[in-house]
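Input: a single structure, listed below in C-alpha cells.
Derivation of every value follows stated rules applied to the coordinates shown; laboratory data play no part. Worth saying up front: this structure is predicted, and the values here are computed from it rather than measured. So basically every Cβ, Gly included, is an ideal-geometry build from the backbone, and we count neighbours across all protein chains shown.
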Amino acid sequence: MGKQAFAACAPCHAPDQNGVGPKIGGVLNRPAGSVEGFRYSRAMRNSKIVWDEKSLDAYLTEPQKLVPGNLMPFSGIAESQKRSDLIAYLGTLK
C-alpha cells in the first residue's frame, strides 16, 4: 500500500536523484533541507527537523503547519493509514 501511496509523490521525488523535489531515498533520520545539490526553501533549511516517523507523519498531515513557508505544493494526506503505509515504504528506500 505504501508503494501505491508513493505513486502520488513520484512525479517530484525519486529514490536516488533530485528532481522537482529532493531525492527521497534515505529520508528517515536525515535532517530536513540537507540533500546535497537540492535548493530548499529557507523555511525547510532552518526547520531543524530530523525526519523520523513522527515528524514525517506531522508533515504529511499538514506540511504548512509543520514547516510554514515551505515550497512543496502539497496539501497533505488526511488518512492516517495511508500516511503510515507511505512512511513505512519510505523507510525501505535507501
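Applying the criterion of being more than 24 Å from Gln81 (Cβ to Cβ) and not in a loop (DSSP other than H, G, I, E, B) to the residues of the stretch 1-49, the residue that is farthest from the chain's Cα centre (by Cα) is Arg42.
Given the options Gly19, Gly33, name the one that is of a type outside the set (A, V, I, L, M, F, W, C) and surrounded by 15 or more Cβ atoms within 10 Å (Cβ to Cβ). Spell out the reasoning first.
On the way: Gly19 fails: surrounded by 15 or more Cβ atoms within 10 Å (Cβ to Cβ).
Step by step, each of Gly19, Gly33 is checked, and only Gly33 is of a type outside the set (A, V, I, L, M, F, W, C) and surrounded by 15 or more Cβ atoms within 10 Å (Cβ to Cβ).
Tally the residues that are under 20 Å from Leu90 (Cα atoms) and either touching a Lys or Arg at 6+ places or on another chain (Cβ under 8 Å) or exposed (fewer than 13 other Cβ atoms within 10 Å of the Cβ) (or both), restricting the search to the stretch 57-72. The number of residues fulfilling the criteria is 4. Kindly provide the set of residues from the stretch 62-74 that are within 19 Å of Gln4 (Cβ to Cβ) and over 11 Å from the mean Cα position of the chain (by Cα), ordered by number. If the condition is that a residue be within 19 Å of Gln4 (Cβ to Cβ) and over 11 Å from the mean Cα position of the chain (by Cα), then no residue fits. Residues that are over 15 Å from Cys9 (Cβ atoms) and either among the aromatic types (Phe, Trp, Tyr) or free of Cβ contacts under 8 Å to residues at least 12 places away in the same chain (or both) within the stretch 56-78 comprise Ala58, Gln64, Lys65, listed in sequence order. Checking the stated criteria, Tyr59 turns out not to satisfy the condition of being of a type in the set (Phe, Trp, Tyr) and more than 11 Å from the chain's Cα centre (by Cα).
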